[in-house]
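Before any comments, here is the structure.
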Amino acid sequence: MRRIGKQEIEDIAIGAAVLGTGGGGDPYIGKLMALQAVEEYGPITLLSVDEVPDEALVVASGGMGAPTVLIEKIPSGHEVAQTFQALEKYMGKKVFATYPIEAGGINSMLPLALAAQLRLPVVDVDGMGRAFPELQMTTFYLDGISATPMVLADEKGNVTIMDTIDNSWTERIARSVTVQKGGSATCAIYPMFGKNLKESGIHSILQLEEKIGRAIRLAKETNVDPVQEVLKLTDGFELFRGKVVDVDRKTEGGWARGTAKIEGLLQYKGENLELRFQNEHLLARTKDRLLCVTPDLIAVLDSETGLPITTEGLRYGARAVVIGMPCHPKWRTEKGIETVGPRYFRYDADYIPVEQLVEKGSVVK
């Protein structure tokens with residue numbers, strides 16, 4: 001058990017946005033919400049998974065919708081508390097603790113803000129080890145754990161409770177509800193017992209996010225390359241360096257979809273990189289080579305500061321470094337690749353681990 005204060009929140013927000021692979025919401029908005037909650041209610045208690053009783057009820061909290069919408073439609077800060085209160089009433093049981101559903105700029109921050117408001121501990125675990133665009137894309141789903149009952153709330157006070165037949169239906173219905181709520185909403189999802197969380201969750205994710213954020217912050221003070229510090233912590237690889245020359249992005253169906261093109265600089269001069277995203281970066285390739293593909297992580301970092309650039313933050317002229325990081329082993333199973341691999345997103349590519357692509361310099365056919 002430890003306490004989370006303002007500096008830890010600053011670091012976690014940056015690290016979460018790196019692991020969020022371009023999605024998971026604006027880290028600045030999420031950070032402000034968490035900082036305000038700590039200022040008002042005091043520091044947050046962080047638990048390791050092993051500190052959660054096996055029979056305790058734990059529930060994920062976060063946001064749903066297109067990150068592009070969150071730039072203008074900022075949460076009021078009270079929606080997440082409403083979702084938990086509605087879920088407790090529906091289930092007839094008190095929630096022991098909350099945890100982030102994924103790594104992401106706002107989705108790692110909302111559980112912290114909620115925990116401060118409701119005096120709940122946060123568990124150092126999530127269900128992805130990164131961010132994915134759909135609700136069933138969790139390690140909990142791989143182990144047969146239901147996403148429902150689930151509660152969605154918006155800033156107007158509308159609260160929707162869902163109990164679905166499976167997690168794919170949860171995604172379909174919740175996505176439609178979120179669109180009707182203006183394109184973004186907050187949720188309480190994946191209620192389960194502590195025993196299930198220990199078996200299915202990805203442990204120590206908040207600690208990793210904090211280490212990444214701290215490394216980027218200290219790199220500036222010690223005059224070292226922040227990108228290299230991130231690669232060390234994530235076992236990652238530099239894939240490309242260049243200038244953003246085109247972004248084709250649109251918000252549709254509750255997601256931010258599109259492509260970005262980066263013109264190579266330095267040793268990459270003469271090449272162009274294409275990024276494809278659906279909230280998160282899912283595929284990176286040049287004309288001749290596949291560089292990284294989901295479920296491995298693709299992040300875009302500012303080449304000077306090492307700070308992560310989200311999909312909604314990509315702008316013409318930005319100097320960026322694209323990195324690839326190996327995903328959690330659970331995603332490299334047959335069911336994991338079926339759930340979040342490139343074929344699911346209708347990309348004409350098979351999954352090859354990023355370390356093999358880097359080693360072999362795989363050529364796209």
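The values are calculated or read from the model by the stated rules, or taken from the named source; none is laboratory data. Quantities reported herein were computed from a predicted structural model and do not represent experimental measurements. Heads up, the Cβs are rebuilt from the backbone with ideal geometry, glycines too, and the neighbour counts pull from every protein chain shown. Note: areas computed on protein heavy atoms with side chains; ligands, DNA, RNA excluded. Shrake-Rupley method; radii C 1.70, N 1.55, O 1.52, S 1.80 Å.
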The chain, Cα convex hull volume normalised per residue, Å³: 122
Pairs of Cα atoms farther than 19 Å apart, segment 285-365, %: 44
Extension gain, R332 back to V358 (0.36 nm per residue minus Cα-Cα distance, nm): 7.7 nm
Residue-wise HN-Hα coupling along segment 353-360, computed from phi with Karplus coefficients 6.51, -1.76, 1.60 (Hz; x: Gly, Pro): x, 4, 5, 6, 4, 5, 5, 9
Over segment 1-97, relative contact order from alpha-carbon pairs under 8 Å, at least 6 apart, %: 33
Stokes-Einstein diffusion coefficient of segment 217-285, Kirkwood radius over Cα pairs, 37 °C, 0.692 mPa s, in µm²/s: 236
Calculated from backbone phi, Karplus (6.51, -1.76, 1.60) coupling profile of segment 123-139 in Hz, x at Gly/Pro: 9, 7, 6, 8, x, 9, x, 5, 10, 10, x, 10, 5, 7, 8, 9, 5
For segment 140-259, Kirkwood radius (reciprocal of mean inverse C-alpha pair distance, Å): 18.2
Percent RCO, i.e. relative contact order, over segment 181-279, from Cα pairs under 8 Å lying at least 6 residues apart: 17
Set of segment 87-123 residues, backbone N closer than 18 Å to the point 7 Å along the Cα-Cβ line of I161: 87-96
Per-pair calculated FRET efficiency, R0 = 25 Å: E72 and D246 via Cβ, rounded to 0.05: 0.60
Binned Cα-Cα distances of segment 96-159, short to long, each 5 Å bin given as a whole percent: 4, 16, 21, 28, 21, 9, 1, 0
Whole-percent pair-distance distribution, where bins are 5 Å wide, for the alpha carbons of segment 77-228: 2, 9, 17, 21, 21, 13, 7, 5, 3, 1, 0
Only Lys, Arg (+1) and Asp, Glu (-1) charged, at Cβ; the chain dipole about Cα centre in debye: 480
Cα-based Rg of segment 33-165 normalised by 2.2 N^0.38 Å, two decimals: 1.00
Approximate spin-label separation E271-Q228, in nm, with each point projected 7 Å along Cα-to-Cβ: 2.0
Cα-based radius of gyration of segment 62-125 once divided by 2.2 N^0.38 Å, which approximates compact folds: 1.14
Local electrostatic count, A113, Cβ distance below 12 Å [Lys/Arg +1, Asp/Glu -1]: -2
Per residue, the convex hull volume that the Cα atoms of segment 130-172 enclose (Å³): 80
Theoretical FRET efficiency, 1/(1+(r/R0)^6), r = Cβ-Cβ of L218 and K195, R0 45 Å, to 0.05: 0.75
Exposure of C327 as accessible area (Å², to 10), given a probe of 1.4 Å and all protein chains: 10
Relative contact order (%) - the chain, alpha-carbon pairs under 8 angstrom, separation at least six: 20
Top positive-direction residue, dipole computed over the chain with Cβ charges, set C327, Q207, F84: C327
